[in-house]
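Below you'll find the structure, written out as structure tokens, and then a few comments.
The values are calculated or read from the model by the stated rules, or taken from the named source; none is laboratory data. Remember, predicted model here, so these are calculated numbers, not experimental data. Cβ coordinates were reconstructed from backbone atoms using ideal geometry, including for glycine residues, and neighbour counts include every protein chain displayed. Side chains included, ligands, DNA and RNA excluded: accessible areas come from the protein's heavy atoms. Shrake-Rupley method; radii C 1.70, N 1.55, O 1.52, S 1.80 Å.
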Amino acid sequence: LKLQFLYFIAPHTTHHTTMPAIKIVYFALPGRAEPARLALAVGGIAFEDEKVTGEEWGAKIKPEVAPRQLPLLKVDDEVIGQSGAIMRYAGKVSSVGGKPLYPQEAVMALKVDEFCDIVGEVFGPLGKTFAIADEAEKSAARAALVAEGGELTKWFAFVDSLLAKSSSGFAVGDSLTLADICAFTWLQPLKSGCLDTYTHITKHAKMVANIPQVKAYYKDATGVHAAYKA
């Protein structure tokens with residue numbers, strides 16, 4: 001009895017992939033869009049950074065995309081909302097040193113998500129102060145947030161304690177991830193002395209600011225973005 005082995009060999013194919021056209025639409029502020037901006041920039045991913053005014057948003061853009069809010073991500077002809085989804089996409093397509101900013105391994109990705117969500121807690125209490133019209137009252141409200149026992153103080157302390165446990169200096173694992181980018185982009189504009197006592201946050205921020213790709217992106221930054229300069 002002769003056994004015949006049939007080998008089916010698929011023809012060799014070469015796949016050519018090209019990045020889609022990417023555009024981030026947001027105000028001329030860091031806010032919720034800055035993690036995605038920086039993630040794409042350090043990964044060397046070309047994107048258009050469209051900064052709009054409040055008037056442009058309300059009159060032209062909002063009627064077309066509601067109930068979505070800014071930031072928006074345009075990937076070719078697709079329009080995507082939700083800042084978390086946008087920054088994770090940016091992290092998935094961007095790599096530094098051959099490592100994706102958003103880990104492929106499930107537990108590592110979970111840790112990155114947790115860290116980003118923890119840092120993102122600052123937006124709730126801080127966001128409420130934007131509705132205060134009186135400047136003196138607004139300043140007082142913000143000072144109370146970062147005073148001893150303030151709503152933001154507990155989150156700053158928690159983030160600081162998490163960074164203190166890192167042996168690599170990075171928020172998660174041993175390389176730059178979206179977690180580091182969230183901490184850097186969301187906390188640095190708050191500096192003005194309120195983070196000086198949190199030594200691990202300040203040390204981490206200095207480390208991220210001096211990563212060559214980050215340093216290059218913010219080299220000529222002005223206004224509020226100047227807070228990211230090394």
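Using helices alone, I'd like the mean residue ellipticity at 222 nm for the chain: each DSSP H run of four-plus residues gives -39500 (n - 2.57), total over residue count, nearest 500. Mind showing how you got there, number by number?
Numbers: 10 runs with 99 residues, N = 230.
Calculated mean residue ellipticity at 222 nm is -12500 deg cm²/dmol.
Would you mind telling me which residue in Ala157, Ala46, Ala131 has the biggest mean-square fluctuation in a Gaussian network model of the chain, where springs connect alpha carbons within a distance under 10 angstrom?
Of Ala157, Ala46, Ala131, the most mobile in the Gaussian network model is Ala131.
Search the structure for amide H atoms under 5 Å from the amide H of Phe27, placed 1.01 Å from N in the peptide plane, and list their residues when 5 or more places away or on another chain.
The answer is Val52.
Roughly how many percent of the accessible protein surface of the chain is carbon and sulfur, given a 1.4 Å probe and a whole-percent answer?
On the way: 7540 of 13460 Å².
Here carbon and sulfur together make up 56 percent of the probe-accessible area.
Per-residue HN-Hα couplings for region 203-211, Karplus 6.51 cos²θ - 1.76 cosθ + 1.60 at θ = phi - 60°, whole Hz, x for Gly and Pro?
5, 5, 4, 5, 5, 5, 4, 9, 5
Taking 8 Å as the Cα distance limit and 6 or more residues as the minimum spacing, I'd like the relative contact order of region 8-117 as a percentage.
On the way: 132 pairs, mean separation 30.4, N = 110.
Result for region 8-117 is 28 percent.
Mind pulling the angle between the C-alpha long axis of helix 151-164 and the longest principal axis of the chain? Nearest 10 degrees, somewhere in 0 to 90.
50
Pick from Thr197, Thr185, Thr53: which is most flexible by mean-square fluctuation in a GNM of the chain where alpha carbon atoms under 10 Å apart are linked?
Thr53
Could you work out how far helix 106-120 tilts from the main Cα principal axis of the chain, as a 0 to 90 degree angle to the nearest 10?
Orientation of helix 106-120: about 20 degrees from the principal axis.
What residue among Ala85, Ala140, Ala21 shows peak mean-square fluctuation when the chain is described by a Gaussian network model with Cα springs under 10 Å?
Comparing Ala85, Ala140, Ala21 in the GNM, the peak value goes to Ala140.
Given charges of +1 on the Cβ of Lys and Arg and -1 on the Cβ of Asp and Glu, with all other atoms neutral, how large is the dipole of the chain about its Cα centre, in debye to the nearest 20?
On the way: 24 positive and 25 negative charges, 118 e Å.
Approximately 560 debye in magnitude.
Per residue, how much accessible area does the chain show when a 1.4 Å probe rolls over the protein heavy atoms, in square angstrom?
59
Ordering Asp77, Asp220, Asp134 by how much accessible area each has at a 1.4 Å probe, largest first, what is the list?
So the residues, ranked largest to smallest area, are Asp77, Asp220, Asp134.
Which of the cysteines in the chain are isolated, no other cysteine C-beta under 4.7 Å?
Singleton cysteines: Cys194.
What percent does the relative contact order of region 122-212 come to when contacts are Cα pairs within less than 8 Å and at least six residues apart?
Reported relative contact order: 22 percent.
How large is ³J(HN,Hα), in whole Hz, for each residue of region 81-86 in order, when computed from phi with the Karplus curve 6.51 cos²θ - 1.76 cosθ + 1.60 and θ = phi - 60°, using x for Gly and Pro?
Along region 81-86, the couplings run x, 6, 4, x, 5, 5 Hz.
Given contacts defined as C-alpha pairs under 8 Å and at least six residues apart, what's the relative contact order of the chain, whole-number percent?
The normalised contact order for the chain reaches 19 percent.
Determine the order of His225, His204 by accessible area, beginning with the largest, at a probe radius of 1.4 Å.
Ranked from most to least accessible, the order is His225, His204.
Compute, for region 143-193, the length of the dipole vector about the Cα centre, with Cβ point charges of +1 (Lys, Arg) and -1 (Asp, Glu) only. Units Debye, rounded to 20.
Dipole of region 143-193, to the nearest 20 debye: 20 debye.
Quick check: the angle from helix 135-146's long axis to the longest principal axis of the chain, C-alpha only, nearest 10 degrees?
Helix 135-146 and the main axis of the chain meet at about 60 degrees.
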